Amino acid sequence: MKTAITEMFGIEHPIIQGGMHFVGLAEMAAAVSNAGGLGIITGLTQKTPGDLANEIARCRDMTDRPFGVNLTFLPMVNAPDYPGYVRAIIKGGVKVVETAGNNPQAVLPYLKDAGIRVIHKCTSVRHALKAQSIGCDAVSVDGFECGGHPGEDDVPNFILLPRAADELEIPFVSSGGMADGRSLVASLAFGAAGMNMGTRFIATREAPVHDNVKQAILAASELDTRLVMRPLRNTERVLNNAAVERLLEKEQELGADLKFEDIIEEVAGVYPSIMREGEMDRGAWSCGMVAGLVYDIPTCQELIDRIMRQASEIIDRMDALRAA
Ligand SMILES: Cc1cc2nc3c(=O)[nH]c(=O)nc-3n(C[C@H](O)[C@H](O)[C@H](O)COP(=O)(O)O)c2cc1C
C-alpha cells in the first residue's frame, strides 16, 4: 500500500510503532521495520546519548530498513541532555524522529539540517497545526483512547481524526486504539495516511519485555485502563493494578493539594521493574484501551501481514458493496 507516509519514510506498509519507554529497544524497532513498518527506538530509555548511539548501532545490525528514534519532552525533575541525544541521532544516520510531549521547536533546526524527517505526536488539532506551522513533516494524532499521555482535551479518534483531516495540510497518521485491519481502513477513511500503534506492538513475540506484561495486555479488556495524574495536568492512561488503585485513592484524598511527590512511589522509575522483571504491581504503566482488542501474541511480521490482508479484504468488501 502506497500513502504519503510510506513515501515519506521509505517503508512498505503505513504502520508505525510509537516510541515506548523500556519497550522501544533495538529488538522492537528492528522487528517492526523488518516486517515493513517503521520501528522506533525510544531515545530517553537510553540513559545517556552514548547509550543511544549504541542502541542505534545495534538496531542497524538487525535491519537494513528505515527506523526512527522517539524524543519525548515531558515535565521532568532533571532535564535530559537533549542536544546530546540529537547529536547521537544525527551521527547515527537515523532518518526519522518522532517527537512528543511538548513543542519540538528547539531541536527542529538541527534535525532538519541533517535531512531528518520529523513526525510530531500530538493530542489536539491545535497542537497539530502548531507542529505544521513550525515545519514538522507529519503528525501522529493521538486520541483519548491511547496508551500513555492523551492530553487534557479528551477527544476520541472518531472526532479527532476527521477534525485533523479538515485542518491539516501535512500528512498525518492515526494513533490510539489501533489494532488491526479495521483500524487501518477506518484511519484511511478519516483522512489519515497510516496508523501508529503502541499497546498492540507490546503483545508481540519480539517485544523485549517480560512475558507477564504481554499476558497482562492479553488478559485486559477495554474497561481495564485508568487515567492517572489528571490533577497534575499530566494525564496518563495506564493499566489498572494495585499501585494504580493506591495512586487514585491518594488523588481522591488530596484533591487539588496533590503534588508529584505524593505519588512518586507509584510513577517514578517503575518501568525497569515492570518491563524487565515483570513485577506487574510495581507502579503505573501506560496501556491503551485497545488492550481489549488484543487476542494473541504474534510475531511482528504475522501481525503486520494480517493487518494488511484484513485491510485489503475490507476494501474489497466495500468495493463489492458499491457495485451491488
Ligand atoms: C508502555 C508504553 C510506553 C510509552 N512510552 C512513550 C514514550 O516514552 N514516549 C512517547 O512519545 N509515547 C509513549 N507511549 C505512547 C505510544 O507511543 C503511542 O502513542 C500510544 O501507545 C498509542 O496508543 P495505543 O497504545 O492505543 O496504540 C507509550 C505507550 C505505552 C503503551
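Read-outs throughout are calculated quantities, based only on the coordinates presented, and are distinct from any laboratory measurement. Just so it is clear, the model here is predicted, and its values are computed rather than measured. Backbone-built Cβ (ideal geometry, glycine too); neighbour counts: all protein chains shown.
Are any of the pairs K2/K214; K214/K259; K121/K214; K95/K259 more than 29 Å apart by Cα-Cα distance, and if so, which? If you can, show how the numbers build up before the last one.
Values: K2/K214 31 Å; K214/K259 32 Å; K121/K214 24 Å; K95/K259 39 Å.
Pairs exceeding the cut-off: K2/K214; K214/K259; K95/K259.
Label points 7 Å out from Cα along the Cβ direction at E245 and E169: separation in nm?
So the label points at E245 and E169 sit 5.3 nm apart.
If I model a spin label at T48 and R87 as a point 7 Å from the Cα along the Cα→Cβ vector, what separation in nanometres do I get?
Going by the 7 Å Cα→Cβ label model, 1.2 nm.
Could you size up the charge dipole of the chain around its Cα centre, putting +1 on the beta carbon of Lys and Arg and -1 on that of Asp and Glu, and report it in debye to the nearest 20?
Values: 31 positive and 43 negative charges, 173 e Å.
Rounded to the nearest 20 debye, it is 840 debye.
Counting alpha carbon pairs within less than 8 Å and at least 6 residues apart, what relative contact order, in whole percent, applies to the chain? Could you put the intermediate results ahead of the total?
Values: 684 pairs, mean separation 54.7, N = 324.
Averaging sequence separation for qualifying contacts and normalising by length gives 17 percent for the chain.
Convert 25 °C to kelvin, take the viscosity as 0.890 mPa s, use the Kirkwood radius over C-alpha pairs of the chain as Rh, and evaluate the Stokes-Einstein diffusion coefficient in µm²/s, rounded to a whole number. Walk me through the numbers on the way to the answer.
On the way: Rh = 19.7 Å.
After rounding, the answer is 124 µm²/s.
Suppose R0 equals 25 Å. What FRET efficiency, 1/(1 + (r/R0)^6) with r the Cβ-Cβ distance, do D211 and K130 give to the nearest 0.05? Display every interim value, and only then the final one.
On the way: r = 40 Å, r/R0 = 1.61.
After rounding, the FRET efficiency stands at 0.05.
Going through region 46-130, which trypsin sites (Lys or Arg not before Pro) have at most 14 other Cβ atoms within 10 Å and a DSSP loop state?
Of the trypsin sites (Lys or Arg not before Pro), the ones in loops of region 46-130 whose Cβ has at most 14 other Cβ atoms within 10 Å are K47.
Subtract the Cα-Cα distance of L218 and E279 from 0.36 nm times their separation in residues, and report this length gain in nm to one decimal.
20.3 nm
With point charges of +1 on the Cβ of Lys and Arg and -1 on the Cβ of Asp and Glu, referenced to the Cα centre of region 1-158, which listed residue (M1, V94, L129) lies farthest in the positive direction of the dipole?
Farthest towards the positive pole: V94.
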